[in-house]
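K.L.:
This is the structure, below, for whatever I ask next.
Rule-based calculations on the coordinates, nothing more; no lab input. As the structure is a computational prediction, the values presented were derived from the model and not from experiment. All Cβ positions, even for glycine, are placed from backbone atoms using ideal geometry, and neighbour counts span all protein chains on display.
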Amino acid sequence: MKNLLNTSKEQLIKVGIIALIDELGSSMFSFAVGLFLLRKTGSAMNLGISILIGPLVSLVLLPISGTIVDHFNHKKIIVICQIGIIMTMAFFSMEFQQLSDTYLVKIIVLLVLLDIFQLFIGNVFSASAINLVPKTQVQQLNSIQQMVRSSASILAPILGGIAYGMMPFFGFTLIMLATTSIVMVVVLSLNFRFNGKQSVTETNVKEKVNFLTSFKEGIHYLRQKKAIVMLILTACVINFFFCAVNVGLPFLLVNQYKLSNVSYSMVEASTSVGMILSGFIFMKQKPAENQIQLMYRWVVVIALITSGMGFPVLLHVQFLKLGITGIYVGLALLLGIALFETNVPMAGYMQLHIDSSFQGRIFTIQSSLSMLMMPVGTIMYGYLFDHFNAGAIFLTSGVIVIICILGFMQIKATKSVHVVKRAAKKENLEKVLK
C-alpha cells in the first residue's frame, strides 16, 4: 500500500513537471509570436489570424482527433506528437535565422503544425487522467495541473519579455525545442497504465478505423449522457461570456481609467494568483457529495463578479487610481478562485463518469466547442466595447450567464425528478407482480 502511494505521488509530481515546463515553453513562444507580428507588421489582423488558427484546427480535426485518441496507445500518441514538435521547431529555427518576405506564411504554417500536435497531446492527457493515478486522486491531479499552469501564465510573459529583448525571434523556437525535449523525457517515464487498465481500445495500425462512424458513435454516446451535455454547454457559456473580461477589462482599465502598465499587470496577474490560492485550499478538501451542484453555484459567482466589474462604471464612482486598482485586483482574485472551483471539479467529473473508450471523442468535442467560443466572443465583445457602455456590457453579460446556469440547473433537477418517478413506478410494478 505504501509503495502504491509513493508511486502515485511520483506520478503526480511528474505530471506537474510536464504541465509547468510545457506551459512555460508554449506560453513564452505564443508571447513572442504575438509581439513579433505586432512589431513587424503593425497589424492587429495578423495577430487575430494567429489566434484563430487554434480553434479552426480543432474544428477541422474534430471527427478525427478524438477517434485516434480512443483507438491508439496514449503514450505513443504523445511521444509521436512531441517528436513532431521537436522536428518542426528544429526546421523553423533554421528558417527564422534569416527572415525573408515569406516570414508571415512560415509563421502561420508553424502555428498550424504546433496546434495540431498540441491538440492531440491535450486531449490524450485529459483522457488518460483515470489511468495515471488512482480514481481518488484524479481531482488532485487536475488541481496540480491547473495550479502549475496558472503559475506559468504569470511567469511566461515576464520571462518572454526579458528574453525578447535579449535574443532574436528564432531563439524562442530553440526554447520551445528544449522544453518539449525535456517534457518528452518525463512523459516516457510516466506509467499510463497505473490502474492496470487499458484506457483505450487499442487498434493495430494496419486495421482500418472508420473515423466518421466512430465519431457518430461518440455523438450517440454523448446524447445518452445528459449531465455531460450540460457540462459541455456550461463550458461553452463560460468561455463565450468570459471574453467580456478578456476584452473588456483591458479596455476599461487602460482606456477609461488610464491605469499604468504596472497597475494593469497587477490586475491581470491576480486571476492566476487566485487560481493558485484556490488550488492549495482545494487539494486539502474532501470532494463534495454533489460536485455538479456546487460547480454551478461557482459559475453563478463568476457571473456575479463579471457583473460587479461594471458597477464602478455605471455608478460613476470616482476613486483614485490606487483605489480602482485595489477594486479590480480584488475582483480578479475572486474570479481566479471561482474559475478554479469550476474548472477542476468539471474536468474531474467528466473523467470519472465518461466511459474510458469514449473519453477521447468527448473531450475533443468539449475542447473544440469551448475553443470556438473564444474567437467568436472576442469579435462580438470587441464590437460591443467599442460602441456601448462598458459597465452595461459587464452587467448584462453576468445576468445572461446566471439565466443560462439556472436554466441548466432546472433541466437537471427536472430530469432527476423524472428518473426518481420512473424508478418508483418500476418498484411499485414489481411489488404488484409479486
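K.L.:
Between VAL15, VAL229, VAL60, find the one with the highest GNM mean-square fluctuation for the chain; connect C-alpha pairs within less than 10 Å.
P.N.:
Maximum among the listed residues: VAL60.
K.L.:
Apply the Kirkwood formula to region 274-396: the hydrodynamic radius equals the inverse of the mean of 1/r over all pairs of different alpha-carbon atoms; give it in Å with one decimal.
P.N.:
Every distinct Cα pair counted, the radius reaches 16.9 Å.
K.L.:
List the pairs from LYS14/LYS135; LYS76/LYS216; LYS76/LYS284; LYS75/LYS216; LYS75/LYS135 whose alpha-carbon separation is above 22 Å, in the order I gave them.
P.N.:
The answer is LYS76/LYS216; LYS76/LYS284; LYS75/LYS216.
K.L.:
Would you order ASP115, ASP22 from fewest to most other beta-carbon atoms within 10 Å of each residue's own beta-carbon?
P.N.:
Arranged by neighbour count, lowest to highest, ASP115, ASP22 become ASP115, ASP22.
K.L.:
Starting from 0.36 nm per residue, how many nanometres of slack lie between MET166 and THR7 once their C-alpha separation is accounted for?
P.N.:
Extending this stretch completely gives an extra 53.1 nm.
K.L.:
In addition: Quote the relative contact order of region 25-183 in percent (integer), defining contacts as alpha-carbon pairs under 8 Å separated by 6+ residues.
P.N.:
Averaging sequence separation for qualifying contacts and normalising by length gives 46 percent for region 25-183.
K.L.:
A further question on this structure: Have a look at ILE78, THR364, GLY348 and report the one farthest towards the positive end of the charge dipole of the chain, computed about the Cα centre with Cβ charges (Lys/Arg +1, Asp/Glu -1).
P.N.:
GLY348
K.L.:
Residue farthest toward the positive end of the dipole of region 210-428, with Cβ of Lys/Arg at +1 and Asp/Glu at -1: which of HIS316, LEU294, ASN239?
P.N.:
The residue sitting farthest along the positive end of the dipole is LEU294.
K.L.:
Taking chymotrypsin sites (Phe, Trp or Tyr not before Pro) as exposed when DSSP calls them loop (any state but H, G, I, E, B) and at most 12 other Cβ atoms lie within 10 Å, what is the longest stretch of the chain free of them, the sites themselves excluded?
P.N.:
Between the exposed loop sites, the longest stretch runs 1-318.
K.L.:
Rounded to the nearest 20 Debye, what is the dipole magnitude of the chain about its Cα centre when Lys and Arg each give +1 and Asp and Glu each give -1 at the C-beta?
P.N.:
1460 debye
K.L.:
I've got another one for you. Using the crude model of +1 on Lys and Arg Cβ and -1 on Asp and Glu Cβ, and no other charge, please compute the dipole size for region 210-428 relative to its Cα centre, in debye to 20.
P.N.:
Here region 210-428 has a charge dipole of around 800 debye.
K.L.:
Choose one of ILE276, ILE327, PRO250: the residue whose Cα lies farthest towards the positive end of the charge dipole of region 234-356 (beta-carbon charges +1 Lys, Arg; -1 Asp, Glu; about the Cα centre).
P.N.:
Selected residue: ILE327.
K.L.:
When only DSSP loop residues count, what trypsin sites (Lys or Arg not before Pro) in region 204-301 have their Cβ near at most 13 other Cβ atoms within 10 Å?
P.N.:
LYS206, LYS208, LYS258
K.L.:
Something else about it: Stretch PHE388-LEU155 to full length: gain in nm at 0.36 nm per residue minus the Cα-Cα span?
P.N.:
So the chain would gain 80.5 nm between PHE388 and LEU155.
K.L.:
How big is the equivalent ellipsoid of region 210-428 along its three axes, where each semi-axis is √(5λ) from the Cα gyration tensor, reported in whole Å from largest to smallest?
P.N.:
Rounded to whole Å, the semi-axes are 36, 19, 17.
K.L.:
Counting other beta carbons within 10 Å of each Cβ, put LEU406, LEU320, LEU369 in order, fewest first.
P.N.:
The fewest-first ordering by Cβ neighbours comes to LEU320, LEU406, LEU369.
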